[in-house]
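Below is one structure, written out as structure tokens, with a few remarks after it.
The values are calculated or read from the model by the stated rules, or taken from the named source; none is laboratory data. Only a predicted model underlies this, so the values are computations on that prediction, with no experimental measurement involved. Note: ideal-geometry Cβ built from the backbone for every residue, glycine included; neighbour counts use all protein chains shown. Ligands, DNA and RNA are stripped out before the accessible areas are found, and what is left, the full protein with its side chains, is counted by its heavy atoms. Shrake-Rupley method; radii C 1.70, N 1.55, O 1.52, S 1.80 Å.
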Amino acid sequence: MALAKQRELNGKARILLVDDHAVVRYGIAQLLNRQNDMTVCGEEEDASHALGAIESTKPDLVIADISLKESSGLELVRNIKAQYPGLPVLVVSVHDESIYAEIAFRAGALGYLMKQEALDQILIAIRRVLNGAIYVSDALAAKMLQQQIRGQTPDFNESPVKNLSDRELEVFKLIGQWKTTRDIAEELHLSVKTIEYYREQIKRKLSLKNAAELTQRATSWVHREIPT
């Protein structure tokens, strides 16, 4: 694999940081540059500049947040997957992994880590993703295993929910957490009108008649691991 050969030649994995908070980038960069097997090759705060940086810096791994300056980290992950299919992406975000990890994996990420995790976890996550493995927290891995054992995890590819876009799925899951339209708008940095549009699109795609059915379906989806 080209990326593996490049690491063999350079001795260190080259990592591109994409986050709209300079302090976060600085902290992660300080940690990574102290390691013997990795180095930060660039830092960006939005998706468009990140794609340009990938072309110029040739990283072995991209670490990206979901919320970027005037852009979407999920869209960035999707574009990386399309343009650089061999380049792994690790999402490091404040957003709840129970909602966003699945969306990130759908977009093409290999790992998902919440920012409140201990610093040593990011090193574990990076090394795992660089080796081509998937990284999720122990808590999320346990939940996924529990779902599998109970046989209660629906096949996502066979569900009508698979027809939702990533943004629609974000909204759908937040509805399932009983968040209001205004709450969702604030969390996703979108207008209330835009969230209302997404709600209508979700109802149409899932053949739901009204807001009550939408809430019921979303709640059921979010809490599908709970036995009934």
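Only residues that are part of a helix (DSSP H, G or I) and over 14 Å from Thr215 (Cα atoms): list them for region 169-193, please. Can you show your working first?
In the first step, residues of region 169-193 are kept if they are part of a helix (DSSP H, G or I); the result is 169-176, 181-188, 192-193.
If the condition is that a residue be part of a helix (DSSP H, G or I) and over 14 Å from Thr215 (Cα atoms), then Arg182, Asp183, Ala185, Glu186, Glu187, Leu188, Val192, Lys193 are the ones that fit.
Would region 96-113 turn up any residue that is farther than 23 Å from Leu164 by Cα, at pLDDT below 90, open to solvent by 20 Å² or more (accessible area, probe 1.4 Å) and not in a helix (DSSP H, G or I)? First the steps, then the outcome.
Step one: filter region 96-113 for residues farther than 23 Å from Leu164 by Cα, giving 113.
Within this subset, residues satisfying the condition of being at pLDDT below 90 are none.
Within region 96-113 (the criterion being farther than 23 Å from Leu164 by Cα, at pLDDT below 90, open to solvent by 20 Å² or more (accessible area, probe 1.4 Å) and not in a helix (DSSP H, G or I)), the answer is no, since none of the residues qualifies.
For Leu74, which of the numbered conditions (1) surrounded by 20 or more Cβ atoms within 10 Å (Cβ to Cβ); (2) in contact with a Leu (Cβ under 9 Å, 6 or more places away or on another chain); (3) of a type in the set (A, V, I, L, M, F, W, C); (4) over 17 Å from Ala125 (Cα atoms) fails to hold?
(2)
Take region 75-97 and flag every residue that is within 17 Å of Val136 (Cβ to Cβ) and touching a helix residue (DSSP H, G or I) at 6+ places or on another chain (Cβ under 7 Å).
Applying the first criterion (within 17 Å of Val136 (Cβ to Cβ)) to region 75-97 yields 77, 88-97.
The answer is Val77, Pro88, Val89, Leu90, Val91, Val92, Ser93, Glu97.
Can you find even one residue in region 88-95 that is assigned to a loop (DSSP other than H, G, I, E, B), farther than 13 Å from Val62 by Cα and open to solvent by 50 Å² or more (accessible area, probe 1.4 Å)? Give the derivation first.
We begin by selecting, within region 88-95, every residue assigned to a loop (DSSP other than H, G, I, E, B); these are 88, 94-95.
Of the ones still in play, those that are also farther than 13 Å from Val62 by Cα are 94-95.
Going one step further and asking which of them are open to solvent by 50 Å² or more (accessible area, probe 1.4 Å), we end up with 94.
Within region 88-95, one or more residues are assigned to a loop (DSSP other than H, G, I, E, B), farther than 13 Å from Val62 by Cα and open to solvent by 50 Å² or more (accessible area, probe 1.4 Å).
If you scan region 194-228, which residues turn out to be in a helix (DSSP H, G or I) and hydrophobic (A, V, I, L, M, F, W, C)? Outline the logic, then answer.
As a first pass, look at region 194-228 and keep what is in a helix (DSSP H, G or I): 194-205, 211-222.
Correct list: Ile195, Ile202, Ala211, Ala212, Leu214, Ala218, Trp221, Val222.
Filtering region 180-204 down to residues that are of a type in the set (Ser, Thr, Tyr) and over 20 Å from Arg106 (Cβ atoms), which residue is most open to solvent (accessible area, probe 1.4 Å)? Even if it seems obvious, please write down each step before you answer.
Step one: list which residues in region 180-204 are of a type in the set (Ser, Thr, Tyr), which gives 180-181, 191, 194, 197-198.
With the extra rule that they be over 20 Å from Arg106 (Cβ atoms), the set shrinks to 180-181, 191, 194, 197.
Details: Thr180: 72, Thr181: 33, Ser191: 57, Thr194: 46, Tyr197: 126 Å².
Taking the candidates together, the pick is Tyr197.
Looking at (1) open to solvent by 40 Å² or more (accessible area, probe 1.4 Å); (2) touching a Lys or Arg at 6+ places or on another chain (Cβ under 7 Å); (3) at pLDDT below 95, which is the only condition Glu43 fails?
(3)
When residues of region 39-58 are filtered for being of a type outside the set (Val, Ile, Thr) and part of a strand (DSSP E or B), how many remain?
So the first thing to find is which residues in region 39-58 are of a type outside the set (Val, Ile, Thr), and the list is 41-53, 55-56, 58.
In the following step, the residues that additionally are part of a strand (DSSP E or B) were identified as 41-44.
Residues that pass the stated criteria total 4.
Condition test on Val129, is it at pLDDT 90 or above, open to solvent by less than 20 Å² (accessible area, probe 1.4 Å) and either assigned to a helix (DSSP H, G or I) or on the phi > 0 side of the Ramachandran plot (or both)? Walk me through how you get there before you give the answer.
Working: at pLDDT 90 or above: yes; open to solvent by less than 20 Å² (accessible area, probe 1.4 Å): yes; either assigned to a helix (DSSP H, G or I) or on the phi > 0 side of the Ramachandran plot (or both): yes.
Yes.
For region 71-98, which residues satisfy the criterion of being within 17 Å of Tyr135 (Cα to Cα) and polar (S, T, N, Q)?
Listed by number, the residues that qualify are Ser93, Ser98.
Those residues that are touching an Asp or Glu at 6+ places or on another chain (Cβ under 6 Å), part of a loop (DSSP other than H, G, I, E, B) and either at pLDDT 80 or above or closer than 15 Å to Leu32 by Cα (or both), I need them from region 59-74; list them, please.
Of everything in region 59-74, just one residue is touching an Asp or Glu at 6+ places or on another chain (Cβ under 6 Å), part of a loop (DSSP other than H, G, I, E, B) and either at pLDDT 80 or above or closer than 15 Å to Leu32 by Cα (or both), namely Asp65.
Just checking, which of Gln147, Gln177, Gln152 is open to solvent by less than 30 Å² (accessible area, probe 1.4 Å) and modelled with pLDDT under 90? Let's see the steps before the verdict.
Numbers: Gln177 fails: open to solvent by less than 30 Å² (accessible area, probe 1.4 Å); Gln152 fails: open to solvent by less than 30 Å² (accessible area, probe 1.4 Å).
So the residue among Gln147, Gln177, Gln152 that is open to solvent by less than 30 Å² (accessible area, probe 1.4 Å) and modelled with pLDDT under 90 is Gln147.
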